[in-house]
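Structure first, commentary second.
Computed from the coordinates by the stated procedures, all read-outs in this text should not be read as laboratory data. This structure is a prediction, so every number in the text was calculated from the model and none was measured. With ideal geometry, Cβ positions are generated from the backbone for all residues, glycine too; neighbour counts draw on all protein chains shown.
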Amino acid sequence: MMKVECHFHGVASCCSIFYFSGGKSIKGNVRVNRRIRVPQVRLVDDQGHMVGVISTTDAVQMAEERGLDLVEVAPAANPPVCRLMDFGQYKYELTKKAKEAKKKQKIIKLKEVKVRPKTDEGDLQTKCNNIRKFLEEGDKVKVSVSFRGRERAHMEVGFKVVDRMKVILGEDAEIEKDASQEGNAITMILFRSKKK
């Protein structure tokens, strides 16, 4: 815990701020030791055994005798549930769990592959190979067929290009959003097939 002196219009007051790794503050609603201001608490000891309802001052004294902290774990209960624990270790475990959860997250990106209405067969094969690679990495792919000038009069050519790409990809990709016209382009969104 860190004490900071705050000055508001020449008047000094004392604020308590909790910090842990990286300088980030922990949840502001976690109250520890003498910051718990209710008359009684339901106490759980450091072994996880229920002690029962006792006065807050007795609970803080018990924590100090054992070299631990009294931490409010369920403030909404009546009386609030507090536990004897090493608060520094508790904060460390919380940050460790948060890091582990972040590692396990898979962020799905939306990659875009652009083609033109006049794209030939060999280039379409190459574009489809790129789409397969993106899908294998777990990303979604947006296929865009863009038109310029007079090409807009023949949008059906773009739909034929998209249909040809569907045939080339086969069962490697599933369609999330089928081909539709958006302004000067035809777009389609694909995701990885779960059949593999």
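What ranking, highest mean first, results for peptides 142-153, 43-54 when packing means the other Cβ atoms within 10 Å averaged over each residue?
In decreasing order of mean packing, 142-153, 43-54 become 142-153, 43-54.
Diagonalise the Cα gyration tensor of the stretch 132-196 and give the resulting equivalent ellipsoid semi-axes, square root of 5 times each eigenvalue, largest first, whole Å.
Over the Cα atoms of the stretch 132-196, the ellipsoid semi-axes are 25, 11, 9 Å.
Taking 0.36 nm per residue of separation and subtracting the Cα-Cα distance, what length does fully extending Val73 through Arg37 add?
Length difference between fully extended and current span is 11.6 nm.
Grab the beta carbon distance between Arg148 and Ile108, set R0 = 45 Å, and tell me the FRET efficiency rounded to 0.05.
E(calc), rounded to 0.05, equals 0.90.
For the stretch 64-196, what is Rg from Cα atoms divided by 2.2 N^0.38 Å, rounded to two decimals?
Scaled against compact globular proteins, the figure is 1.87.
Kirkwood hydrodynamic radius, the stretch 31-103, all distinct C-alpha pairs: what's the number in Å?
The answer is 12.6 Å.
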